[in-house]
1. Identify the residue in the range 29-72 that is charged (D, E, K, R) and part of a helix (DSSP H, G or I) and, among all such residues, is least open to solvent (accessible area, probe 1.4 Å).
2. I'd like to verify a number: residues in the range 96-133 that are in contact with a helix residue (DSSP H, G or I) (Cβ under 8 Å, 6 or more places away or on another chain) and either of a type in the set (G, A, S) or not in a helix (DSSP H, G or I) (or both), how many?
3. When both residues are 6+ apart or on different chains and their Cβ atoms are under 9 Å apart, which pairs have a first residue that lies in the range 57-69 and is free of Cβ contacts under 8 Å to residues at least 60 places away in the same chain, and a second that is assigned to a loop (DSSP other than H, G, I, E, B) and among the β-branched types (V, I, T)?
4. For the range 10-68, which positions are modelled with pLDDT of 95 or more, within 17 Å of L104 (Cα to Cα) and of a type in the set (V, I, T)?
5. Are any residues in the range 114-129 open to solvent by 30 Å² or more (accessible area, probe 1.4 Å) and in contact with an Asp or Glu (Cβ under 8 Å, 6 or more places away or on another chain), and if so, which ones?
6. Looking at N75, is it open to solvent by 50 Å² or more (accessible area, probe 1.4 Å) and either under 11 Å from the mean Cα position of the chain (by Cα) or within 20 Å of Q2 (Cβ to Cβ) (or both)?
Amino acid sequence: MQLIDLYNRYSADEIITAIDEMFPGTEQFHDTFREALAILKALTPVPSKKRIRYKLIDDAANDIQYFGAEDSNFNTTWEVCLAKELVIDDDVELSELEITANSLVNLCLTGRCPRQFLPMKQALLASAADQAE
């Protein structure tokens, strides 16, 4: 399965509701995520042999573990990310909808977005930096 398959499987409302549940306080960015989904669905995926791998990640700095994908999996253009194969380790306890929501947030924050989305990405990054402080 490719990332684009997940974005086509769920409605924007379903994905945004999952984002709200996974990342409390993101309600102010509903329009941003809707716009990102609209842009993503209009893009043509560029074939890639790379994968997006969801696994158990150790965050030693914060002494926690969580399910997710490394940020580096999303550090390319949105068009390339859309065509990447999704690999989900057996021990990952996230639903496909939660993976869809998580990947959208990761793509918005770390992916190389189209220029039209850049102002929205900058607002997201500024908000994330404020919350980290």
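The values are calculated or read from the model by the stated rules, or taken from the named source; none is laboratory data. None of the values given here were measured: they were computed from a predicted structure. So basically every Cβ, Gly included, is an ideal-geometry build from the backbone, and we count neighbours across all protein chains shown. Note: areas computed on protein heavy atoms with side chains; ligands, DNA, RNA excluded. Shrake-Rupley method; radii C 1.70, N 1.55, O 1.52, S 1.80 Å.
1. If we take residues in the range 29-72 being charged (D, E, K, R) and part of a helix (DSSP H, G or I), then E35 is least open to solvent (accessible area, probe 1.4 Å).
2. 9
3. Short answer, once both residue conditions are applied: F67/V92; G68/V92.
4. I15, I16, T17, I19, T32, I39, T44, I52
5. Result: M120, single match.
6. Numbers: open to solvent by 50 Å² or more (accessible area, probe 1.4 Å): yes; either under 11 Å from the mean Cα position of the chain (by Cα) or within 20 Å of Q2 (Cβ to Cβ) (or both): yes.
Yes; evaluated as a whole, the condition is true for this residue.
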